[in-house]
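Some notes on the structure that comes next.
The values are calculated or read from the model by the stated rules, or taken from the named source; none is laboratory data. Note that the structure is predicted; figures quoted are calculated from it, not measured. Counting neighbours? That spans all protein chains shown, and the Cβs are built from the backbone with ideal geometry, glycine included. With ligands, DNA and RNA removed, areas are computed over all heavy atoms of the protein, side chains included. Shrake-Rupley method; radii C 1.70, N 1.55, O 1.52, S 1.80 Å.
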Amino acid sequence: MSNKMADRGRNLKIRKTKRIILLSVEGKTETEYFKSFSGRNKNYKIKFTKGNQTDILNLYSNLKEEIKENKLKFSDGDMAFCVFDTDTDVNKNKQIKKILNKSDKISIITSSPCIEVWFYLHFKDWEKYVTSNQIVKELKKIFSGYTKGGFIPSEIFENEEVAIKRAKKLEERHLKNKINIDSVEANPHSSIYKIIEEFNKEI
């Protein structure tokens, strides 16, 4: 085989094995945040499911359909994440339990009560129970112009490693207290760090 043909074969292999990271998210805040990672690493392509679902079961259902449409190959490193807030409604636990019991390769990513906990952890610790309104209010003390669903301040992307450590610390505390991390009761917490670690992988 000539060198040119060998090089062409290697290039085809690289394009073929480029990972797809498929995200099913609740709203504009999450979409805008994750979109900003598109140019960070050329080893993956970020895609979002269609529509603007907020119901957990619909988010999950849409994701399953688009896994097929996008022909994801988990064996090649493709990944699918279902991302949502638990809020403070205990009724959501039933919905969460339903999708956790499914036997597939979808990763469930929760924030309790909301994604703003993850943003806040980039700058300060937060360990006590909090409502969505409270944590948004606290975040606005750092970014006066922050609005849910609006522009994501660039400063939120700073101190990423610190935020990951703080999120893991919260998770360890809940698990130690035998609290299901994917539940309303795991307040505060955010497992969004798992997606960020995937984005940062060098494969």
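Just a few scattered comments:
- For segment 160-183, the set of residues classified as over 17 Å from the mean Cα position of the chain (by Cα) and not in a helix (DSSP H, G or I) consists of ASN177, LYS178, ILE179, ASN180, listed by residue number.
- Taking (1) in contact (Cβ under 8 Å) with a residue 40 or more places away in the chain; (2) in contact with a Pro (Cβ under 9 Å, 6 or more places away or on another chain) in turn, SER191 satisfies each apart from (2).
- Some residue of segment 141-153 being modelled with pLDDT of 95 or more and open to solvent by less than 20 Å² (accessible area, probe 1.4 Å): no
- If you go through segment 81-128 and keep only what is β-branched (Val, Ile, Thr), out of contact with any Lys or Arg (no Cβ under 8 Å at 6 or more places or on another chain) and buried (at least 20 other Cβ atoms within 10 Å of the Cβ), you end up with VAL83, ILE96, ILE99, THR110, ILE115, VAL117.
- Taking segment 165-182 as the range and being more than 16 Å from SER107 (Cβ to Cβ) and open to solvent by less than 30 Å² (accessible area, probe 1.4 Å) as the test, the residues that pass are LEU170, HIS174.
- Considering (1) modelled with pLDDT of 95 or more; (2) within 15 Å of ILE196 (Cβ to Cβ); (3) β-branched (Val, Ile, Thr); (4) out of contact with any Ser or Thr (no Cβ under 7 Å at 6 or more places or on another chain), the lone condition that ILE156 does not fulfil carries the number (1).
- Of all residues in segment 142-168, those that are more than 23 Å from GLU127 (Cβ to Cβ) have Cβ atoms under 7 Å from Cβ atoms of residues that are of a type in the set (Phe, Trp, Tyr) and part of a helix (DSSP H, G or I), 6 or more apart or on another chain, in ILE152/TYR33.
- Residue pairs whose Cβ atoms lie under 9 Å apart, separated by 6 or more positions or on different chains, with the first residue in segment 120-138 and of a type in the set (S, T, N, Q) and the second in a loop (DSSP other than H, G, I, E, B) and open to solvent by 30 Å² or more (accessible area, probe 1.4 Å), are THR131/ASP87; THR131/THR88; SER132/ASP87; SER132/THR88; SER132/LYS148.
- When segment 52-104 is filtered for residues that are without any contact (Cβ under 8 Å) to a residue 60 or more places away in the chain, within 26 Å of ASN187 (Cα to Cα) and assigned to a helix (DSSP H, G or I), the ones remaining, listed by number, are ILE56, LEU57, ASN58, LEU59, TYR60, SER61, LEU63, LYS94, GLN95, LYS97, LYS98, ILE99.
- Each residue in segment 185-203 was checked for being surrounded by 20 or more Cβ atoms within 10 Å (Cβ to Cβ) and over 15 Å from the mean Cα position of the chain (by Cα), and 3 of them qualify.
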